[in-house]
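Student: Below is the structure I would like to discuss, written out as structure tokens.
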Amino acid sequence: MIRAAVDSDLDAIVRVHNRARPLLADTVAALRARRAAGVALRDDVPWIRLVAEVDGEIVGTGRAIEASSGPVPEPGVVYVGIEVDPAAAGRGVGHLLFEQVRVWAQALGADRLRCLVDLEDERSVAITRGWGLTVSQAEEEAPRWNYVLDVTRLERARLIEMLLPGIEVVALATRFDDEAFCRAVHEVHDEGRADIPSTEPFPATAYEDWRAGELRRAGDGGVTLVAVRAGDDSCKAVLGASAAEPVAFVPAAFVDWTVVRRTERRRGIGRMLKAALALWAAERGIDRLDTEVTGDNVAMIGVNGSVGYRPVKGLELFEMLLGD
């Protein structure tokens with residue numbers, strides 16, 4: 001049965017989405033924000049959100065939204081998202097959802113459909129092409145900004161070898177009552193983020209806002225691991241840190257950031273933190289760690305590779321023209 005989604009469907013929608021599209025998965029924090037907003041997409045443009053049920057269980061979800069508003073308006077374009085739980089694949093659920101949103105878009109008067117497709121998922125790519133969509137630009141290898149670590153395949157002994165003598169790794173959550181320590185981590189966080197290659201510089205953060213975010217991260221089941229010089233209680237004892245956010249409903253986490261104090265770089269601290277995060281994930285039954293690194297961040301790409309992260313093909317925009 002295909003029907004309009006209601007707010008009480010939201011958890012099931014996110015569960016299906018996260019299982020079907022890991023590169024676009026919602027974290028626990030994102031799910032909380034979605035619960036507050038409900039299933040509505042926008043209040044200034046036409047949209048539709050559907051769910052597919054089999055025996056009363058939601059196994060698929062579809063959405064479409066017109067792109068005539070926003071920072072870069074695209075009149076006549078409708079963006080579509082279709083997800084089906086992998087356990088229900090092969091039953092035509094996705095095609096039924098796609099046909100519903102295609103008919104809706106045509107009735108709206110749209111002349112083009114667009115959707116993002118995970119190129120790593122060859123089955124989804126084939127299905128999307130089968131529905132009549134093609135790559136919307138010259139087909140070439142997408143920039144590899146997405147990196148994945150299969151935690152279940154890692155050798156614990158190899159990760160332990162990456163830990164450095166004289167340096168301890170502690171969870172920030174165990175030191176929240178130490179104001180000086182937290183401020184030192186915040187200092188390293190802002191210093192490190194300022195040096196991360198990006199299209200726009202990362203702005204400095206207010207300590208109170210940063211600390212509130214870290215409290216929230218810990219409460220969601222995430223972690224910020226801090227590398228500290230053993231036996232040193234000064235503010236310079238904090239050498240680096242790395243943070244991970246849990247993904248909702250699936251055994252995965254997103255590595256949000258990894259930073260190292262400028263004076264301590266090229267000593268293996270970044271690799272040590274990444275290895276410690278992998279050990280943390282393994283101990284908690286997390287099977288997969290995802291992260292994003294721009295192509296010009298050569299240092300972090302090397303760190304990821306040394307720990308075992310592999311680049312994935314990433315997302316590509318597909319489209320189709322709508323007839324009368």
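The values are calculated or read from the model by the stated rules, or taken from the named source; none is laboratory data. Computed from a predicted structure; not experimentally measured. Cβ: placed from backbone, ideal geometry, glycine included. Neighbour counts: every protein chain shown.
Student: Within the bounds of the stretch 109-123, is there any residue that is in contact with a Lys or Arg (Cβ under 9 Å, 6 or more places away or on another chain) and closer than 16 Å to LEU321 by Cβ?
Tutor: Scanning the stretch 109-123 turns up at least one residue that is in contact with a Lys or Arg (Cβ under 9 Å, 6 or more places away or on another chain) and closer than 16 Å to LEU321 by Cβ.
Student: Looking only at residues in the stretch 255-285 that are surrounded by fewer than 22 Cβ atoms within 10 Å (Cβ to Cβ) and among the hydrophobic types (A, V, I, L, M, F, W, C), which one is farthest from VAL238 (Cα to Cα)?
Tutor: Of everything passing the filter in the stretch 255-285, ALA282 is farthest from VAL238 (Cα to Cα).
Student: Would you call PRO251 under 24 Å from PHE202 (Cα atoms), surrounded by fewer than 24 Cβ atoms within 10 Å (Cβ to Cβ) and either assigned by TED's automatic domain parsing to the domain that holds ASP11 or not aliphatic (A, V, I, L, M) (or both)?
Tutor: Details: under 24 Å from PHE202 (Cα atoms): no; surrounded by fewer than 24 Cβ atoms within 10 Å (Cβ to Cβ): yes; either assigned by TED's automatic domain parsing to the domain that holds ASP11 or not aliphatic (A, V, I, L, M) (or both): yes.
Answer is no for this residue.
Student: Is one or more of the residues making up the stretch 144-159 of a type in the set (A, V, I, L, M, F, W, C), surrounded by 19 or more Cβ atoms within 10 Å (Cβ to Cβ) and part of a loop (DSSP other than H, G, I, E, B)?
Tutor: Taking every residue of the stretch 144-159 in turn, none turns out to be of a type in the set (A, V, I, L, M, F, W, C), surrounded by 19 or more Cβ atoms within 10 Å (Cβ to Cβ) and part of a loop (DSSP other than H, G, I, E, B).
Student: Does any residue in the stretch 172-198 that is of a type in the set (Lys, Arg) come within less than 6 Å, Cβ to Cβ, of a residue that is at pLDDT below 95 six or more places away or on a different chain, and which pairs are these?
Tutor: Cβ pairs passing all conditions: ARG193/PHE202.
Student: OK, next. Could you go through the stretch 254-265 and let me know if any residue there is among the acidic types (Asp, Glu) and touching a residue at least 40 places away in the same chain (Cβ under 8 Å). First the steps, then the outcome.
Tutor: From the stretch 254-265, those among the acidic types (Asp, Glu) are 256, 264; that's our starting set.
So of that shortlist, the ones also touching a residue at least 40 places away in the same chain (Cβ under 8 Å) come out as none.
No; the residues of the stretch 254-265 include none that is among the acidic types (Asp, Glu) and touching a residue at least 40 places away in the same chain (Cβ under 8 Å).
Student: For the stretch 146-171, give me the residue count where each residue is of a type in the set (Asp, Glu) and without any contact (Cβ under 8 Å) to a residue 24 or more places away in the chain.
Tutor: Taking the stretch 146-171 first, the residues of a type in the set (Asp, Glu) are 150, 155, 161, 168.
After this cut, where a residue has to be without any contact (Cβ under 8 Å) to a residue 24 or more places away in the chain as well, the list is 155, 161.
Summing the residues that are of a type in the set (Asp, Glu) and without any contact (Cβ under 8 Å) to a residue 24 or more places away in the chain in the stretch 146-171 gives 2.
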